[in-house]
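Below is one structure, written out as structure tokens, with a few remarks after it.
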Amino acid sequence: MDRPGGVRDKLNPMLKWIDIPPVWLALFAALAWGQSRYLGLGLSFGGAWADFAGGLLLGGGVLLALLAALEMRRHRTTLVPHRNAERLVQSGIFSRSRNPIYRPT
């Protein structure tokens, strides 16, 4: 059992911050880049066209996440999944996807 003010209480705010979808996207993008750069193992999906397609997909995912974040800020509601939302956002990118923040990840 952890006492008040213990390790669990100190880690709790950090763990909630890590549980934001764009943070997961950034972490896994960095992990994939590092793996391909330093531990390639001779695995290749294709040539320059595969790099271009991957860049388009990653860029599109980042764009979707940014559009969702901007729309939520415009409506003055939170991006953090563990907080109660002030409003239901149904305009902008949310009119096309129920949850575009999770779409890129």
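Would you mind finding the one in V62, V80 that is within 18 Å of A30 (Cα to Cα) and of a type in the set (V, I, T)? Just one listed residue meets the conditions, V62. Hey, among P13, P22, which residue is under 14 Å from the mean Cα position of the chain (by Cα) and either assigned to a loop (DSSP other than H, G, I, E, B) or modelled with pLDDT under 85 (or both)? Selected residue: P22, the only one of P13, P22 that is under 14 Å from the mean Cα position of the chain (by Cα) and either assigned to a loop (DSSP other than H, G, I, E, B) or modelled with pLDDT under 85 (or both). A29 satisfies every condition listed in (1) under 19 Å from N99 (Cβ atoms); (2) touching a helix residue (DSSP H, G or I) at 6+ places or on another chain (Cβ under 8 Å); (3) in contact (Cβ under 8 Å) with a residue 12 or more places away in the chain except (1). Quickly run through segment 64-80 and pick out the residues that are surrounded by fewer than 13 Cβ atoms within 10 Å (Cβ to Cβ) and either touching an Asp or Glu at 6+ places or on another chain (Cβ under 7 Å) or farther than 14 Å from N99 by Cα (or both). Across segment 64-80, the qualifying residues are R73, R74, R76. Screening the candidates A48, A69 for the property of being in contact (Cβ under 8 Å) with a residue 12 or more places away in the chain and not β-branched (V, I, T) yields one hit, A69.
The values are calculated or read from the model by the stated rules, or taken from the named source; none is laboratory data. What you are looking at is a predicted structure, and each value in this text was computed from that prediction instead of being measured. We place every Cβ from the backbone using ideal geometry, glycine too, and count neighbours over all the protein chains shown.
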